[in-house]
Amino acid sequence: MVLDLQEMEHMLNRARASREEIKASHAEMQQLIVEDPLTGCRNRRAMGHQAQDLWTKHTESGEALSCLMFDVDHFKKFNDDHGHATGDEVLRRVGQALRSTFAGVGQVYRYGGEEFCVLLPGHDLAESRWIAERVRKTIEEIQIESNTSEEMLHVTASVGATDLKQQATSCDEMIAQADHCLYMAKRKGRNIVIAYDKEVANAHFRP
């Protein structure tokens, strides 16, 4: 069978379109693999790869790198008292606030449950603590209508902060430092930012 030029062009166009569809589908699948569908933040899987790369790069270069941990205060009450749809909306709004603030500056990950981790290349502890305080105030302004009543609910978050200068010996240890600061923020009454220091280093937290 001999194809004329028009038929050949049509077949080539179909082949090109098919390749583009495959590329788009692959890109979409890759995005789904690394993105948390509820909040739009990167997920724990993505963090496992990217955090280690950032740690290695910045420890070798001596550039600043900080880590922030955010946890929604009293999150269980949102779910228990107002329904899981309300709890999901809380997480969406907090995730949105974090992504908006750190777009182009740092990477936001949903660490698990109601906890988020932010890695901030090029920012030391003082700078990241200042930014964290601004974000904490932004989250404090979030109001969400209960899914089970007409009550307007207020959201707050506790925050822990650390950076490379706090003598962590691994990426996981740096994240653990920020997590310990988060526990201290909970212990001190919630809705505050705590930076890593000797008090946090010497504190003992129950597992």
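The values are calculated or read from the model by the stated rules, or taken from the named source; none is laboratory data. Since the structure is predicted, the reported quantities are computational estimates derived from the model, not experimental observations. Glycine also receives a Cβ, built like all others from the backbone with ideal geometry; neighbour counts cover every protein chain displayed. Accessible surface areas use protein heavy atoms only, side chains included; no ligands, DNA or RNA. Shrake-Rupley method; radii C 1.70, N 1.55, O 1.52, S 1.80 Å.
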Problem set entry | Local electrostatic count, ARG129, Cβ distance below 14 Å [Lys/Arg +1, Asp/Glu -1] | -1
For this session: Evaluate the distance, in nm, between pseudo-label points positioned 7 Å from the Cα of HIS204 and of GLU150 along their respective Cα→Cβ axes.
Result: 5.2
Exercise. Rolling a 1.4 angstrom probe over the protein heavy atoms, how many square angstrom per residue are accessible across the chain?
Worked result: 59
Seminar exercise, completed: With all protein chains present, the chain has a carbon and sulfur share of its accessible area (1.4 Å probe) in percent of 49
Problem set entry | Mean separation of Cα contacts under 8 Å (6+ apart) over length of segment 53-171, as relative contact order % | 38
For this session: Identify the GluC sites (Glu not before Pro) of segment 115-191 meeting these criteria: DSSP loop state and at most 16 other C-beta atoms within 10 Å of the C-beta.
Result: GLU141, GLU150, GLU151
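Once you sort the root eigenvalues of the Cα gyration tensor of the chain as a ≥ b ≥ c, which label holds: rounded (a/c under 1.5), prolate (a/b larger than b/c) or oblate (the other case)?
In terms of gyration-tensor shape, oblate.
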Exercise. What number, in percent, do you get for the relative contact order of segment 34-102 if the mean sequence gap of Cα pairs under 8 Å and at least 6 apart is divided by its residue count?
Worked result: 37
For this session: Round to the nearest 0.05 the FRET efficiency obtained for THR59 and ASP88 when R0 = 25 Å and r is the Cβ-Cβ distance.
Result: 0.10
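Using Cα-Cα distances under 8 Å and only pairs 6 or more residues apart, what relative contact order does the chain have, in percent?
Relative contact order of the chain: 21 percent.
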Exercise. Any idea what angle helix 171-187 forms with the longest principal axis of the chain, computed on alpha-carbon atoms, 0 to 90 degrees, nearest 10?
Worked result: 50
Seminar exercise, completed: Rounded to the nearest Å, the spacing of the alpha-carbon centers of segment 123-188 and segment 32-102 is 10
For this session: Assuming a ≥ b ≥ c are the square roots of the Cα gyration tensor eigenvalues, decide whether segment 78-131 counts as rounded (a/c under 1.5), prolate (otherwise, with a/b larger than b/c) or oblate.
Result: prolate
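Per-residue ellipticity at 222 nm for the chain, helices alone: DSSP H runs ≥ 4 residues times -39500 (n - 2.57), over residue total, nearest 500 deg cm²/dmol?
The helix contribution divided over the chain gives -18000 deg cm²/dmol.
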